[in-house]
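Down below is the structure, laid out as structure tokens.
Please treat every number below as a calculation from the coordinates, not as lab data. Since this is a predicted model, take the numbers as computed values, not measurements. Here Cβ is always computed from backbone atoms with ideal geometry, including for glycine, and neighbour counts include all displayed protein chains.
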């Protein structure tokens, strides 16, 4: 599976200890849905959730930094066990700097995944900047890697697999789901 990522991206991904993610456009499709009564609705992709759990099980810390405040995001991150949720943060680089100070981590050990202009300073600060094909064109130009999968459709899982693969941990993350008593293709 490593062959699907450029060597330069794998080299950066090998050192990542923290991934910080935007929500709208990354963990969701970036559209805002409201019910007739004004309640916000948001769809999260189940593939992303398992990928984040696999990252955390492999010792990579997950943080979510979002400009919006959403009870739905709070619930989803709590359900996944994400340890760092920073909502209502317009200055995402400053939020990332707070994590750097509290975790005593270098920027080179951070991956940031975002899709729009408010993400750009954090994406440029991090050691590995990741975006999605449906992200803003300027963010795509500055990212180290653009997923093949659109935001909200499993792009976070692709980034998780990238990090796990680069660190030699993907096979261990997948092993519990593979039948050991059956030949491949059987």
Sort 118-124, 52-58, 40-46 by packing, meaning the average of other beta carbons within 10 Å per residue, with the highest value first. 118-124, 52-58, 40-46
Projected area, mean over directions - segment 2-169, Cα convex hull, nm²: 8.8 nm²
Can you tell me, using C-alpha contacts under 8 Å and at least 6 residues apart, the relative contact order of segment 22-63 as a whole percent? 24 percent
Relative contact order (%) - segment 107-179, alpha-carbon pairs under 8 angstrom, separation at least six: 21 percent
Given the chain, what percent of its DSSP beta bridges are antiparallel, to the nearest 5? 10 percent
Relative contact order of the chain, defined on C-alpha pairs under 8 angstrom at six or more residues apart (%): 28 percent
Determine the calculated [θ] at 222 nm for the chain from helices alone, applying -39500 (n - 2.57) to every DSSP H run no shorter than 4 residues and normalising by the residue count; nearest 500 deg cm²/dmol. -10500 deg cm²/dmol
Say each of residue 75 and residue 15 gets a label point 7 Å from the Cα, pointing the same way as Cα to Cβ; how far apart are those two points in nm? 4.1 nm
With a Förster distance of 30 angstrom and the Cβ-Cβ distance between residue 43 and residue 106, calculated FRET efficiency to the nearest 0.05 equals 0.30
Per the 1/(1 + (r/R0)^6) rule, R0 = 45 Å and r from the Cβ atoms of residue 34 and residue 148, FRET efficiency to 0.05 is 0.90
Separation of the residue 68 and residue 53 label points, Cα + 7 Å toward Cβ, nm: 2.5 nm
